Amino acid sequence: MSQSDINQPFLTVGQRFGYSQVDAEFHPYKEFKTTWQRCGSSAEFKVTDYLANASPEVLEEFAKCLFIRIQQQRSEVYSEPILNWLQSPNFIERNQPIYLRRSRNLLCSPRGVHYDLREILESLRNQGLVKDGNAAFISWTDKPNRFRMGYCSVLMKVVAISSILDSSEIPKYVAEYVLYHEMLHLEKGLDSMRSQHNAEFRRMERKYPRFREAEDWLKRIASESR
Ligand SMILES: [Zn+2]
């Protein structure tokens, strides 16, 4: 889909919402986001280019979600057709590699100096803590991060674990626990984008056998840097 093809769906929907002039273009944001500016009856959108292979129907639906959001001043809410598109193989196959290229602090490998995240994931599966078929791209970060031990893009199915945990001085179960936490986010799917660490999430988190010890380690690592 070319750049010009996004304008029509946004204009069509915008007119229904009372806008006479609508300009939309794709923009290569790293995260899945869209920004806009309004002035009177005109609106300009910079739309995440992760939607560049979406059909005109999906783009119209996406525009509708945005105009509703602008009108009602609500936070991000996507309709069923959009959520389905975001979870389709078409979306992830095209966009995950783009997202990885835009993620600067990724080793892009699960194999660290001391620990291999594939083995750690396998261990979580064997303990029944992570379901099979949860295909995700899992990697150590390039540089160690003391404050963000793990990161997960539910949308792009990418999990990154801070390479600070890839150390012979830190037991393997600490990395395992952080990976478990991130895999829980993936398992909860797009719902968890809204209800990040709710009570149910915390309950699941505590199922990790060495939960307390792992948490203590994480606190210690964070405090050592001060
Ligand atoms: Zn989390």
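Note on the chain: GNM, Cα springs under 10 Å; of Met204, Met183, Met156, the largest mean-square fluctuation is that of Met204. With a 1.4 Å probe and every protein chain kept in, tell me what percent of the accessible surface of region 1-159 is carbon plus sulfur. After summing per-atom areas, the C and S share lands at 47 percent.
Surface calculation, 1.4 Å probe, protein heavy atoms: Ser167 sits at approximately 30 Å² accessible. Heavy-atom accessible area, probed at 1.4 angstrom with all protein chains present, ranks His181, His114 as His114, His181, highest first. By DSSP, the beta bridges lying fully in the chain are antiparallel in about 50 percent of cases. In terms of its alpha-carbon gyration tensor, region 104-224 comes out rounded; the largest-to-smallest axis ratio a/c stays below the 1.5 threshold. Here is the list for region 126-223: GluC sites (Glu not before Pro) lying in DSSP coil, each with at most 10 other C-beta atoms within 10 angstrom of its C-beta, are Glu169. With every protein chain in place and a 1.4 angstrom probe, the accessible-area ranking of Leu107, Leu184, largest first, reads Leu107, Leu184. Summed over qualifying helices (DSSP H, 4 residues or more, each -39500 (n - 2.57)) and divided by its residue number, the chain shows a 222 nm mean residue ellipticity of -13000 deg cm²/dmol. In percent, rounded to a whole number, the relative contact order of region 1-97 is 24, using alpha-carbon pairs under 8 Å and six or more apart. Across all C-alpha atoms in the chain, the radius of gyration and Dmax reach 20.4, 63 Å.
Estimated at 0.36 nm per residue, the fully extended path between Ala222 and Arg38 surpasses their Cα-Cα distance by 62.0 nm. When Arg125, Arg16 are compared by accessible area at a 1.4 angstrom probe, the order from most to least is Arg16, Arg125.
Under 10 Å, Cα contacts only: if you run a Gaussian network model on the chain, which one of His185, His27, His197 comes out with the highest mean-square fluctuation? Maximum fluctuation in the GNM of the chain, among the listed residues, is at His197. The solvent-accessible area of Lys131, taken with every protein chain present and a 1.4 Å probe, is close to 120 Å².
Just checking the listed ones, Asn53, Asn95, Asn198: in the Gaussian network model of the chain with Cα springs under 10 Å, the one fluctuating most is Asn198.
Backbone geometry of region 28-34 corresponds, through the Karplus equation with coefficients 6.51, -1.76 and 1.60 at θ = phi - 60°, to 3J(HN,Hα) couplings of x, 4, 5, 8, 6, 8, 9 Hz, x marking Gly and Pro.
How many angstrom lie between the C-alpha centres of region 106-168 and region 24-97? Each part's Cα centre sits 29 Å from the other's.
Give the calculated FRET efficiency between Ser167 and Phe147 to the nearest 0.05, with a Förster radius of 22 Å applied to their Cβ-Cβ distance. If you can, show how the numbers build up before the last one.
Numbers: r = 16 Å, r/R0 = 0.73.
E(calc), rounded to 0.05, equals 0.85.
Estimated at the nearest 10 Å², the accessible area of Ser20 is 80 Å² with a 1.4 Å probe.
The values are calculated or read from the model by the stated rules, or taken from the named source; none is laboratory data. What you are looking at is a predicted structure, and each value in this text was computed from that prediction instead of being measured. When we count neighbours, we look across all protein chains shown, and the Cβ atoms used for this are built from the backbone with ideal geometry, even at glycine. What goes into the accessible areas is simple: the full protein's heavy atoms, side chains included, and nothing from ligands, DNA or RNA. Shrake-Rupley method; radii C 1.70, N 1.55, O 1.52, S 1.80 Å.
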